[in-house]
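Here's the structure we're looking at; comments come further down.
The values are calculated or read from the model by the stated rules, or taken from the named source; none is laboratory data. What you see is a predicted model; the values in this text were computed from it and never measured. Cβ sites come from the backbone with ideal geometry, for glycine too, and all protein chains shown count toward neighbours.
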Amino acid sequence: MLLIRCPYCGMDRPEIEFRHAGAAHITRPGPPDRVTDEEWAAFLYLRDNPKGRVAERWRHIHGCGRFFNAVRDTVTDVFVVTYKAGEPRPPESLAPEALTPEARP
Amino acid sequence: MTGFRSPAGGRIDRSKPVRFTFDGRQMHGHAGDTLASALLANGIHLVGRSFKYHRPRGILSAGAEEPNALVTIDRGGGRETPNLRATQVELHEGLVARSQNRFPGLRFDIGSINNAFSRFLGAGFYYKTFMGPRALGGAKLWARLFEPAIRRAAGLGKAPAGPDPDRYANRFAHCEVLVIGGGEAGLAEALRRSEDPACRVMLCDEQAELGGWMLVEAPERADEMVEALAARPNVTLLPRSQAFGAYAQNFVAIAQQLADPLALPDPDSPRERLWQVRAGEVVLASGAIERPLVFPDNDLPGILLAGAAETYLRRYGVLVGRKIAVLTACDSAYGAAFALQDAGAEIVAIAETRAAPGAGEMAACAIARGIPVLPATTIIGTTGHLRVSGILLGRLRPDGTAEPSGGFPADTVLMSGGWTPSIHLFSQTKGKLRWDEALGAYVPAAPAPGQAIRVSGAAAGEMPAGMCSRALGALPVPGSPDRVKAFVDFQNDVTARDLRLATREGFRSIEHVKRYTTTGMATDQGKTSNLNSLGIVAAETGRSVPEIGLTTFRAPYTPVTFGLFAGQARGDLFDPVRRTPMHDWAERNGAVFEDVGSWKRAHYFLPRRPVDPAASGHAAMHEAVQAECRKVREAVGLFDASTLGKIEFVGPDAAEFLERAYVNPVKGLGIGRCRYAVLLNEAGFIIDDGIIARLAEDRFHVTTTTGGAARVFGMFEDYLQTEWPELKVWQTSVTEHWAVIAVQGPRAREIIADLVEGIDLSDAAFPHMAVREGRIAGMPCRLFRVSFTGEFGYEINIPAGLALPLWEKLAERAAEFGGGPYGTEAMHILRAEKGYIIVGQETDGTMTPDDVGLGKAIGRKKPDFIGKRGLMRPDLVAPGRKQLVGLVAEDRSRVLEEGAQIVPDSLAPAGTHALGHVTSAYASAALGHGFALAVVEDGRSRLGQVLHVPMERETIAVRVVEPVFLDPEGKRLHG
């Protein structure tokens, strides 16, 4: 069972307290009458599925209840870093102390 | 002493004899014995039949690695566990053990005929033959006749037929250091780390006694160390506890045996406990496992590992035989030979696969003891059927071949191919391994990033040189090695020949060889076989062992019961059940319940239970439901709607949030007014509906469907937190705070009127779709004037803890008026007569508000709401969408089947495109005929058309009608 750091609680908590909530940094386009069908279809359905690091939304549903973002490696299942909703995805060259122990070089 | 028990020594309690049976035969052992040691003390080596060839098998080892001695333990009362390793089963009074995979008996087993056909049962047998050879009558006959017979013939113990009567527990724990393994290295590590009283140390070991090999060699030292540890309050010792899985971030799963094996099973205490331990650091001190040597017929009972023989003698006081031969590739087997000789056994010879045995010290010792030592010698064959009776020796020539060189009679053969560090758990955590040429084994190199796991002692390769051997693979034999059966994987019956065959057939990757031959894939996970199979594949393909690579180690290290994983989550505790405050009343009054999500809801009420529910169930239900519907339409009905999801929204932006969330306009909703509201997903499809009630400028009471409550609440939370975090609004789930009693029917006002305080119930003051806060029967309530039946009615929201007395009072009154309770089935009929949809029944995740006739609910002027842009998608506005309509069969008494397809033509051939399907269908007491709701392509333009519903035996003609069957003007609603 993985430990995941909730950026709001500031604690590593077991993964059973969390729920995955899809890709992160997907902006809801608007207003509706200015959005093309292609843009809306992309918002609804098109997601990247890369091998390696992905930014995802997670919710600390059985804890503080907050949604937050995480960079996770789909190959190793390592959580590289977690950060609050609304914050930009951290750069790849993060200082090691910002990373989870598993992700440190 | 009888049999093979030594006169003194060992850890057993000789003052405590213990009776047990094996295959019905009554025997004696001692407290402290394992089943294996007790059987050996009774001179029994033959304990099982092998998986595929049904070859007689004996006890190979003295620990968790045992591949052969698998038995079924029957503790009575359905407590039957198959495939337990006799080497780990603690003996207790009255223990009942049975051998497996034999018929009719262990000594004569019909299945052993497989051994004669073994040429056809080799590597890849299943892949090659289960396709169904033509010669045996083709695939059909094969599948019916031969395949089941073959599958039956192969196997281990039988799973018990009944439910497991035992209890299992689960516990989470945290510690600074978790030590896995209670041998010398583990105990020393635990002692050292626990000197700091702030350091919580846990230590687990699969055996009943801690000490590991020290229990053989230096038991007093083991006792001292365990005593010292037990005295420290910061130390938790877990004997009988197998760490079977190691996971990321120092997380370890441990299976602990709890029930005292010396006592009868106590129904109130669990049998096993699953520990899930998160440690600051894991120290793996799991020791090493001795490797068998691969020579012809090395699986005969009486042939066992040298270290096991020494364990049986020195720890359990058991001589494994009287006339013992030894075959070894390292020094450690000498210790066993010397100990057995001292205990009175005759060591006929020590055959050394090495040309120059070690440094010669042990060999010189043996010779001094009068034991012949034969260098560069192997075993090329054995005599005996159910037990070894002699060995045939072969001299190893420098070119790697062997020539016969005589033999010895022997009732026991000890073998030692060196020791393999137990790195399974380290490898499970994705730690890197390194091939150590000197040890002839893989050892831990570096833990995976972020893993604090350290390996200590023999598991780390810290072993005396005498335990090491580079002899991997099969030993030479005279002539073709494919003529003999030299077993590598005892449990899965894989021979050296199978592995060679697989490489000849082109398998190169060790992962493929493993799957094709099944080597290492049995329940023992190849603990004794992995390195020998690597050695054979390496030799056969001309590569080195590290070039071959290693197969993946997976949890569990040893088999774990299903009960351990299920824990308490069985039966009633498998899934929580939600009951409303009126549940017990409903039960007393004949309710038949249905499951809706995790809720129990009254489906219908059978005031007088039929004598035989199976015989008259359907008719009785029909009668009850029709009566319930009549009561609502003609008098008054009570319905427990407490399961509805309820969310309270508070804050200055509450109206703004709901305006953006639901399709309906909300900001203009007056205080004290309600609105039926539809919720979409962003694709534009209906996912929920409910009532939005405005209690104050900044306070709303919103209902959701019963099944959608948690999902909708979570979705709103998502939008609040991440999409519109600027909105000042707070949502709270109040589903369980409010119980809801729906009072529906023409007499509804009469039965509540004199109970209500502070609310004017007149139509003018309190019209349809209004909400008021006040008191009822002295209790606070939120009173809704709403209806899901089409009748005049209320939904009384009352704090759940106060609901039952009110319900009881209303039920009494309803009965006086000729009314009564109704269940969800009647509710479904009543709402369908009015054409009210149920989300999930009329909708299926592809329906828009317009599709179900709710287009007028959409707030067209709103700049945005969830799903607004979705509704503009071309396919959602294109003609030909399925629309909600009513259907009445031309034979009006017919009730259609829900889910039935609808086609235009009565003679439509199979495969005809369906126009739609029936979503709801009932018999209606109010209408006097059957009716249905359906979704049909362009349905609203088909009113009056006759369509057809093809069924299995007939096609039913139906007429398309408006979906509102009763009171389309809504006169009844408004009273």
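Worth a mention:
- Against the criterion of being touching a Ser or Thr at 6+ places or on another chain (Cβ under 7 Å) and in a strand (DSSP E or B), B:Ile691 qualifies.
- Within the stretch B:571-590, considering residues that are among the charged types (D, E, K, R) and modelled with pLDDT of 90 or more, the one surrounded by the fewest Cβ atoms within 10 Å (Cβ to Cβ): B:Arg588
- Residue ID - modelled with the highest pLDDT, chosen from residues in the stretch B:435-462 that are in a loop (DSSP other than H, G, I, E, B), surrounded by fewer than 21 Cβ atoms within 10 Å (Cβ to Cβ) and among the hydrophobic types (A, V, I, L, M, F, W, C): B:Ala452
- Residue match in the stretch B:309-322 (condition: modelled with pLDDT of 95 or more, in contact with a strand residue (DSSP E or B) (Cβ under 6 Å, 6 or more places away or on another chain) and in a helix (DSSP H, G or I)): yes
- Being buried (at least 22 other Cβ atoms within 10 Å of the Cβ), more than 27 Å from the chain's Cα centre (by Cα) and assigned to a loop (DSSP other than H, G, I, E, B) is a condition met by no residue of the stretch B:63-71.
- Inter-residue pairs, beta-carbon under 6 Å, first closer than 23 Å to B:Leu876 by Cβ and in the stretch B:662-682, second of a type in the set (D, E, K, R) and in a strand (DSSP E or B), 6+ apart: B:Asn664/B:Arg675; B:Val678/B:Asp689; B:Leu679/B:Asp688
- Conditions (1) in contact with a helix residue (DSSP H, G or I) (Cβ under 9 Å, 6 or more places away or on another chain); (2) surrounded by 14 or more Cβ atoms within 10 Å (Cβ to Cβ); number of the one not met by B:His917: (1)
- Identity of the residue in the stretch A:43-61, within 12 Å of chain B (Cβ to nearest Cβ) and surrounded by 12 or more Cβ atoms within 10 Å (Cβ to Cβ), that ends up nearest to A:Arg13 (Cα to Cα): A:His60
- Of residues in the stretch A:14-37 being over 21 Å from A:Asp48 (Cβ atoms) and within 16 Å of the chain's Cα centre (by Cα), the one nearest to the other protein chains (Cβ to nearest Cβ): A:Glu15
- Summed over the stretch B:848-863, the residues that are surrounded by fewer than 16 Cβ atoms within 10 Å (Cβ to Cβ) and more than 14 Å from every other protein chain (Cβ to nearest Cβ) give a count of 2.
- If only residues of the stretch B:901-915 that are over 11 Å from B:Thr955 (Cα atoms) and within 42 Å of the chain's Cα centre (by Cα) are counted, the one that is modelled with the lowest pLDDT is B:Ala910.
- Of the residues in the stretch B:404-414, none is outside any loop (DSSP other than H, G, I, E, B), surrounded by 16 or more Cβ atoms within 10 Å (Cβ to Cβ), among the hydrophobic types (A, V, I, L, M, F, W, C) and without any contact (Cβ under 8 Å) to a residue 24 or more places away in the chain.
- When the stretch B:770-804 is filtered for residues that are surrounded by fewer than 17 Cβ atoms within 10 Å (Cβ to Cβ) and within 15 Å of B:Cys674 (Cβ to Cβ), only B:Glu773 remains.
- Within the stretch B:572-666, helices (runs of 4 or more DSSP H) holding 3 or more residues that are basic (Lys, Arg): B:613-634
- Hey, B:Phe338 within 29 Å of B:Tyr557 (Cα to Cα) and aromatic (Phe, Trp, Tyr) or not: no
- Residues of the stretch B:191-224 satisfying the condition of being within 26 Å of B:Tyr316 (Cα to Cα), in contact with a helix residue (DSSP H, G or I) (Cβ under 7 Å, 6 or more places away or on another chain) and among the aliphatic types (A, V, I, L, M): B:Leu203, B:Leu210, B:Met214, B:Leu215, B:Val216, B:Ala222
- In the stretch B:943-953 there is no residue that is crowded, with 20+ Cβ neighbours inside 10 Å, at pLDDT 95 or above, closer than 18 Å to B:Val852 by Cβ and out of contact with any Pro (no Cβ under 9 Å at 6 or more places or on another chain).
- The lone exception for A:Ala70 - which of (1) in contact with a Ser or Thr (Cβ under 7 Å, 6 or more places away or on another chain); (2) more than 12 Å from chain B (Cβ to nearest Cβ); (3) farther than 12 Å from A:Cys6 by Cα it fails: (3)
- Hits in the stretch B:864-905 - residues which are aliphatic (A, V, I, L, M), within 14 Å of chain A (Cβ to nearest Cβ) and surrounded by fewer than 20 Cβ atoms within 10 Å (Cβ to Cβ): B:Met872, B:Leu876, B:Val877, B:Ala878
- Which numbered condition B:Gln276 fails, given (1) within 14 Å of chain A (Cβ to nearest Cβ); (2) crowded, with 18+ Cβ neighbours inside 10 Å: (2)
- A search for C-beta distances below 8 Å between a residue of the stretch B:884-900 that is under 19 Å from B:Ile837 (Cβ atoms) and any residue that is of a type in the set (Lys, Arg) and outside any loop (DSSP other than H, G, I, E, B), counting only pairs 6+ apart in sequence or on different chains, returns B:Val885/B:Arg940; B:Val885/B:Arg942; B:Leu887/B:Arg959; B:Val888/B:Arg959.
- Among the candidates B:Lys485, B:Lys527, B:Lys514, the residue that is outside any loop (DSSP other than H, G, I, E, B), out of contact with any Cys (no Cβ under 7 Å at 6 or more places or on another chain) and charged (D, E, K, R) is uniquely B:Lys514.
- Tabulated pairs, the stretch B:784-804, first under 13 Å from B:Ala693 (Cβ atoms), second part of a loop (DSSP other than H, G, I, E, B), C-beta under 7 angstrom, 6+ apart or interchain: B:Arg785/B:Phe766; B:Arg785/B:Pro767; B:Arg785/B:His768; B:Arg785/B:Met769; B:Val786/B:Met769; B:Glu795/B:Ala641; B:Glu795/B:Val786
- Residue within the stretch B:537-546 that is more than 20 Å from B:Val488 (Cβ to Cβ) and either part of a loop (DSSP other than H, G, I, E, B) or of a type outside the set (Lys, Arg) (or both) present: no
- Number of the condition not met by A:Thr82 [criteria: (1) assigned to a loop (DSSP other than H, G, I, E, B); (2) more than 12 Å from chain B (Cβ to nearest Cβ); (3) touching a residue at least 24 places away in the same chain (Cβ under 8 Å)]: (1)
- Pairing each residue of the stretch B:111-130 that is within 19 Å of B:Leu499 (Cα to Cα) and of a type in the set (Phe, Trp, Tyr) with any residue that is part of a loop (DSSP other than H, G, I, E, B) and at pLDDT below 75, provided the two are 6+ apart or on different chains, yields no C-beta distance under 6 Å.
- Residue count, the stretch B:699-726 (criterion: buried (at least 16 other Cβ atoms within 10 Å of the Cβ) and more than 14 Å from every other protein chain (Cβ to nearest Cβ)): 11
- Considering residues of the stretch A:85-105 that are under 15 Å from the mean Cα position of the chain (by Cα) and closer than 18 Å to A:Cys9 by Cα only, the residue nearest to the other protein chains (Cβ to nearest Cβ): A:Ala85
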